[in-house]
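For reference, the structure discussed in these notes is given below.
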Amino acid sequence: MDAPPSPFAAPGWTTRFAPAPTGWLHLGHAGAAAWVWGAARAFGGRVLLRVEDHDRIRSRPQFERALEEDLAWLGCEPDAPPVRQSERDALYREALARLAGRDLVYVCDCSRRRIRERAPGGDAEELRYPGTCRDRGLAEAASPIRRIRLERTEVVFADLLLGERRQVPADQCGDLAARDRDGQWTYQFAVAVDDLGQGVDVVIRGEDLLASTGRQVQLAQLLGRARPPRFLHHPLIRRADGAKLSKSGRDTGLRELRAAGWSAERVLGAAAAAVGLLPAPEPLAVPALAGLVRAALARGGAAEPAAS
Ligand SMILES: [Zn+2]
């Protein structure tokens, strides 16, 4: 039987699972893993594990050890040794220097408060940097904050599950911070550099990040990517009260569920149901995820979320 063509990329494509070691893994992570490993196993992809510890203040080694153990317990084995953002400082510096060489980077010393005061509109879902320091010519030593000039352009991308989307990052967030007040690389900058450097073709992640995909595409282009990665945004697990699961959600922590006697198959099945891969929870192992992701893509969307 011929395998169906991959909707993702050429055979041998690469995706990543990229948790931050700032807390314990919970059911939401297992749901994300179900999409990532399911898609990779269904369509000939490779999964990289990227430990997103760019936030040096909140990241903890014990969370990193725990997340690797928890993934192994679930049966979600990455296809290469893990990579840590904390070990990639030279790459981020080099990428920023390349952009600076094209006059795309400037020093900013704005506090959040100053940005809030000067931000136009203020419908508050996101703070748009109003470009205060664009032409101030601040010296390097004035502040650790570095911003990247974003030309005002509409970014069009086709989400593999949700279809075509259009975003204007310059209107959403303004010039992007690459490094923050604490001298730390920002999430947006670090992952764009990593996805380029690691050859990530397909980014599979929760729909809570959908609003920032346009800037990822624009950043990828600025960094010199001829072809930005493709994106699939999957449904998130939500509690009955509508709140996104937090890392402190002890009731759904994988370690708590395991301690309460849940098998890995039961956890994976519950997670798969909650992120639209199954109509109702049933125990399953990683190989079964491939068929579920195929079916979800064939439906053109996620399954009706399981009633809870
Ligand atoms: Zn500024």
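The values are calculated or read from the model by the stated rules, or taken from the named source; none is laboratory data. Owing to the predicted nature of the structure, the values given are computational and were not obtained by experimental measurement. No Cβ is skipped: glycine too gets one built from the backbone with ideal geometry, and neighbour counts run over all protein chains shown. Accessible surface is based on the protein model in full, side chains and every heavy atom, while ligands, DNA and RNA are left aside. Shrake-Rupley method; radii C 1.70, N 1.55, O 1.52, S 1.80 Å.
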statement: The extension gain from E94 to S6, computed as 0.36 nm times the residue separation minus the Cα-Cα distance, is 28.3 nm
task: Specify whether the C-alpha gyration tensor of the range 148-240 places it in the rounded, prolate or oblate class, a ≥ b ≥ c being the square roots of the eigenvalues: rounded for a/c under 1.5, otherwise prolate if a/b is larger than b/c and oblate if not.
output: rounded
- prompt: Based on the inverse mean of 1/r over its pairs of different Cα atoms, what is the Kirkwood hydrodynamic radius of the range 42-102, in Å?
  reply: 13.7 Å
Per the chain, cysteines lacking a partner by the 4.7 Å Cβ criterion: C76, C110, C173
query: Rounded to the nearest 10 Å², what accessible area does I145 show when all protein chains are kept and the probe is 1.4 Å?
result: 10 Å²
- request: When a/c is below 1.5 the answer is rounded, else prolate if a/b is larger than b/c, else oblate, so apply that to the range 168-214 with a ≥ b ≥ c taken from the square roots of the Cα gyration tensor eigenvalues.
  value: oblate
- line: Listed by chain and number, the residues whose amide H is under 5 Å from that of D159, excluding neighbours fewer than 5 places away on the same chain and using placed H, are E164, R165
message: Could you tell me which residue out of G199, P21, A141 lies farthest along the dipole of the chain toward its positive end? Charges go on the beta carbon: Lys and Arg +1, Asp and Glu -1, centred on the Cα centre.
response: A141
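Below 8 Å, C-alpha to C-alpha, sequence gap of six or more: please give me the relative contact order for the range 1-138 in percent.
On the way: 142 pairs, mean separation 28.5, N = 138.
Rounded, it is 21 percent for the range 1-138.
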query: Per-residue ellipticity at 222 nm for the chain, helices alone: DSSP H runs ≥ 4 residues times -39500 (n - 2.57), over residue total, nearest 500 deg cm²/dmol?
result: -10500 deg cm²/dmol
task: Find which of A30, Y92, G163 sits farthest along the positive direction of the dipole of the chain, computed with +1 on the beta-carbon of Lys and Arg, -1 on that of Asp and Glu, about the Cα centre.
output: Y92
query: Got the relative contact order for the chain handy, in percent, Cα pairs under 8 Å and 6 or more residues apart?
result: 24 percent
- request: In debye, nearest 20, what is the charge dipole magnitude of the chain about its Cα centre with +1 on Lys and Arg Cβ and -1 on Asp and Glu Cβ, if you could check?
  value: 620 debye
Surface share of carbon and sulfur [accessible, 1.4 angstrom probe, percent] for the chain: 50 percent
- prompt: Which of the trypsin sites (Lys or Arg not before Pro) found in the range 114-208 are loop residues per DSSP with 16 or fewer other Cβ atoms within 10 Å of their Cβ?
  reply: R134, R136, R152, R181
- request: Kindly express, to the nearest 10 degrees and within the range 0 to 90, the angle between helix 264-274's C-alpha long axis and the longest C-alpha principal axis of the chain.
  value: 60 degrees
field: Residue (of S111, L49, F63) at the positive-pole extreme of the range 29-113, dipole from beta-carbon charges
entry: S111
message: I'd like the antiparallel share, as a percent to the nearest 5, of DSSP beta bridges with both residues in the chain.
response: 55 percent
- prompt: Across the chain, where is the longest run that never hits GluC sites (Glu not before Pro) in a DSSP loop with at most 13 other C-beta atoms within 10 Å?
  reply: 155-308
The range 1-69 - percent relative contact order, Cα under 8 Å, separation 6 or more: 45 percent
task: Can you work out the accessible area per residue across the range 93-222, with the rest of the protein chains kept in place, probe 1.4 Å, in square angstrom?
output: 48 Å²
